Structures are given as C-alpha cells and as structure tokens.
Amino acid sequence: KTTLGLQIANTFVNRNEHVSYWTTEQGLQGDLSVRQLALGTGTKRSIFKQGWEGLPEEIKARIHAAQHRWKTYFHFLDCRRSQRTVTGIEDLFIPIDAMRERGIENGILILDWWGRLKARLLMQQSFMSDSRSRIATSDWIGNLIDEAKVRTTRLLVLHQLSGEAAKKGTGAKPSTHDAQEDRNLNNMFEFGFAMSKLDSDSRCRINGDKARSLAPSEGWLQLMGDECKFVTLDAATMDVGDNDNARVF
C-alpha cells in the first residue's frame, strides 16, 4: 500500500501539484523518507547506504532537488493511534483548509490505511454488530467523500483487504466482489483497485474495475523493491487524473 501510495504521490509532486498524505502506518522519518528520495531522484535506495560523503555530486544535486519538491508539495499528516491530533473526519481537512486559505489547491488526498483510522474514530473500542458496523462504515466513507468533494480534490484511499479477497494466497487474482467489505469499498469510491499479495517473484495482480482509464485495468505488477516502485508486466494501466501526464504506470 505505502509503496504504491508514495509512487502516486511522486507523480503529482513531479508535476508541481500538492499532495496531502494521511497515514496510520508510520512516521515520515526513516524508511519512508528514503523511499521518497529514491522515487524523487530515480535512484535505488541502496545507494543511500553509502552515506552522504560517499555519494557522487550529481546524486547529491538530485537529492537536494527532490527534497525541495517533496518539502514544497507533499503535506504529511500523522494519524497513528499514538497521535491525538485527529479525533474526527473534520480534523483531517484542517491542514487542507489552511492551504486553501493561502491560495494552494490540493491535487490529491491519499489515506494510508483507512481501516485503522476508521476503527479508531468510529468504533472507539465499543462493541458493534456486523450489520451496524457495515452501516456505520458506509456513513463514515460517505462523510469522507463528501468532505473531499466540497474541496474539489481527488481522494485515494489505500485499503488492506480483510475479506475473502485477502485469503486466496500469493499470486491469486483478487476479486472486489467476494466479500461485503470489499464490495462496499469498491462501489463507493470514484476509482479504486485491489491488489493481491506478492508472490515469490515480487509480482502481484491488480484489479481496477473502477479505474479512471479506458485502457485495460487488470493485470500484473512487478515490485522493483530497490527502486521503491511498481511497473506493469502487461497492458494494465492506472490513471489518477484526466490526462496522460497523470499516469502512474
């Protein structure tokens, strides 16, 4: 999820468009920042193990440029359980509203991962029946979508499948219609996709039957781990915008 989310964010950052990235997974330091620099510089992350002094000057210049782009266009909100800055959906949009007051329009909102945040804000550790949980989840997602629409921004929610689609084993073709949770999620968002687990060759299936693209939206992806990105192995594509410049793969 996070690798794909950062790859999409990098697409927008490289086009000088602002990205708001909400995470329940990890802080901005450490591995996440290394992945940002690998994507932003087009280099392998293993090169950073050499230390700053061991890097060629050309790489150092690219790092400085990438750091400037990410600092300018990437807006990070830590929504982890250890943080108390987010107690409701409206809190998510406070930084975005502050940007808009300064005349800055947000290109895309990326939420990684929505399930943990929903559990914290919605369930609040109280018992809830399955049917009530589905209704509350639909309401929660609806409110999230409405708040994004009011601000005329794209919304991408990265979700870890927990239904049957997550249990089919490595390399399996995921289905967004074989579990109620996954079906509800796919049907509510303007565009969405599901990914299988990685197989032993670091490949996975992607199914984007609501992707904003006329091209085939189902196929194989290959994880290039040292480059912190996915590439297509067949005709599958995924767009997060209205033109070819917004293409991720």
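Tell me, what is the FRET efficiency for SER200 and SER46 to the nearest 0.05, using R0 = 30 angstrom and their Cβ-Cβ distance as r? E(calc), rounded to 0.05, equals 0.90.
Counting only protein heavy atoms and a probe of 1.4 Å, the accessible surface of the range 10-112 is 50% carbon and sulfur.
Heavy atoms of the protein chains alone define the surface here; on that basis the range 1-133 has 50 Å² accessible area per residue at 1.4 Å probe size. In plain terms, the chain from ASP139 to ARG102 could stretch by 10.2 nm, reckoned as 0.36 nm per residue minus the Cα-Cα distance.
Here are some pairs, LYS1/LYS44; LYS44/LYS149; LYS71/LYS197; LYS44/LYS118; LYS60/LYS149; LYS60/LYS197; which of them have Cα atoms lying more than 30 Å apart in this structure?
Check vs 30 Å cut-off fails for LYS44/LYS149; LYS71/LYS197; LYS44/LYS118; LYS60/LYS149; LYS60/LYS197.
Accessible-area rank, largest first, for ASP139, ASP199: ASP139, ASP199, with all protein chains present and a 1.4 angstrom probe. With a/c under 1.5 counting as rounded, go ahead and sort the range 8-64 into rounded, prolate or oblate using the C-alpha gyration tensor (a ≥ b ≥ c being the square roots of the eigenvalues; past the cut-off, prolate if a/b is larger than b/c, else oblate). The shape class here is oblate.
Measuring with a 1.4 angstrom probe and ignoring ligands and nucleic acids, TRP70 comes out at about 10 Å² accessible.
The values are calculated or read from the model by the stated rules, or taken from the named source; none is laboratory data. Because the structure is a prediction, the values reported are computed rather than measured. Don't worry about glycine lacking a Cβ; one is built from the backbone with ideal geometry, like all the others, and counts go over all protein chains shown. Just so you know, the surface numbers come from the protein's heavy atoms only, side chains and all, with ligands and any DNA or RNA stripped out. Shrake-Rupley method; radii C 1.70, N 1.55, O 1.52, S 1.80 Å.
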